[in-house]
Structures are given as C-alpha cells and as structure tokens.
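Let me begin by presenting the structure, written as structure tokens, before commenting on it.
The values are calculated or read from the model by the stated rules, or taken from the named source; none is laboratory data. A quick note: this is a predicted structure, and the numbers were derived from the prediction, not measured. So basically every Cβ, Gly included, is an ideal-geometry build from the backbone, and we count neighbours across all protein chains shown. Ligands, DNA and RNA are excluded from the accessible area calculation, which covers all protein heavy atoms including side chains. Shrake-Rupley method; radii C 1.70, N 1.55, O 1.52, S 1.80 Å.
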Amino acid sequence: MKKIKAIIFDFGNVLASFDHMITCRKLADFSPFSPEEIYQCIFKTELLEEEYDKGLVDSLTFYQQAKGKTQANSQLTWEAFKKIWGDIFSENSGIEKVLERIKPELKLFLLSNTNEIHWKYISQMSVIKHFFPDEKQLILSFKLGFRKPDMQIFKEAIKRANCSSEKIIYIDDIPEYIQTAKELKMNGILYNCKKEPPVALLKKLEKFKVII
C-alpha cells in the first residue's frame, strides 16, 4: 500500500445527512402534486436537479422551472423557494472528531454534486468552515460543469491533490461513485452516515494508517 497523501470526502450522507423529501413535502403545500410526484419530476423524470447541479442553469431559472413543472401557485415566492430548497441538511454529529484525528500533513478535499442554493447552506456548516476553508479544497459540480459519476470531476480532484491517484482515499456513500474512483486507481471507502456512526469511518481510515 502506497503512503496516503490526500483524502477526498463526498458531502451528502458522509459529512452531513440530507433528505430531498423535506423539499418535496414543503413544495407540495403549493402544488397539486404529492411529494412523491414532485420528487419524480424534479429528481428523476425531468432531471431538473441534474442540470442545476452542473451549473447549466442559474438559481432563478431553476426556481422558475421547478415552479412551472410542479404547477406551484403564486405563493411560492423566490425567497420561500430558496429556504425550501436549501434547508435540508443535518449535522453528522461526531464527524469533526474523526477529521481531527487525521494526520495533519494529509491534504483534505471536498468533492460534491451540489448547486448554488445548497452550497450556501452547506458552506455555513461547522465541518466545512473548520476543515475545508480554502477554495482550492472544494471540487463542486455546479462550479465545474461536471457531476459524479463523470470521470472529469474525479480527474479534477486528482489534479488538485497533486499526487498519484494511488495515494488518495475517496470516501462516498454511493457504490457507483466509489467504483469510478477505483477505476482511476484511487482507494475507496464506502461510508453512509445514515447507516453507520462516525466511529465506523474512523476504523476504515485506520486501515490506511492515516489516523493519529
């Protein structure tokens, strides 16, 4: 095993949990559709979220698209939508204690499929402020125009790490994304904070000798 130089973290369900259904339930208050129908429309059938995550549309345009597709009434204002769309994240209690144990010489990065409104909420979370304060640490889909599992966003992460991919650990909750990282010869750790406590991630990291 090569000595690890960098660790790249996914955000959602790794550093914090999230639930898109929170958004869908709140949007249903303005729409004739059920939360489940809204979920299918925004996240599955129409792929509105995917285009927004890639930065192909701006936030106001996305609001107008989502409002139109869900047939939301005029009470769904831009200000109301921003809070409904963005306020879906919950702290992974204890994760900061794990990051504090990572050897200080290792470089940390965040690789996330996210969008402008979500990022405004995510960037205010303690774990981001404390461990990912530098813009260079942030590999964000909406800023780069690529979204996981596109290899281009992983290649950008390797470039930022400035070391061979064999010396990088990539952590995600989605097996498909771990597989893409492994195809690029990164080391993968599958971790989901909705199913596992932070100590489980700590134990997985210990195997790579990156914990003090």
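At-a-glance table
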quantity: Leading residue by the ranking (farthest from the chain's Cα centre (by Cα)) among those in the range 20-34 that are open to solvent by less than 40 Å² (accessible area, probe 1.4 Å) and in contact (Cβ under 8 Å) with a residue 60 or more places away in the chain; calculated: 23
quantity: Listing of helices (runs of 4 or more DSSP H) fully contained in the range 41-115 that carry 3 or more residues being crowded, with 19+ Cβ neighbours inside 10 Å and under 14 Å from the mean Cα position of the chain (by Cα); calculated: 48-53
quantity: Long-range neighbours under 9 Å by Cβ, at least six apart or interchain, first residue within 16 Å of residue 129 (Cα to Cα) and in contact (Cβ under 8 Å) with a residue 60 or more places away in the chain within the range 92-115, second among the basic types (Lys, Arg) and open to solvent by less than 60 Å² (accessible area, probe 1.4 Å); calculated: 111/148; 112/148
quantity: Counted residues, the range 175-212 - those being open to solvent by 60 Å² or more (accessible area, probe 1.4 Å) and among the hydrophobic types (A, V, I, L, M, F, W, C); calculated: 3
quantity: Residue 17 vs. criteria among the hydroxyl-bearing types (Ser, Thr, Tyr) and under 22 Å from the mean Cα position of the chain (by Cα); calculated: yes
quantity: Conditions (1) closer than 15 Å to residue 7 by Cβ; (2) open to solvent by 30 Å² or more (accessible area, probe 1.4 Å); (3) under 14 Å from the mean Cα position of the chain (by Cα); number of the one not met by residue 143; calculated: (1)
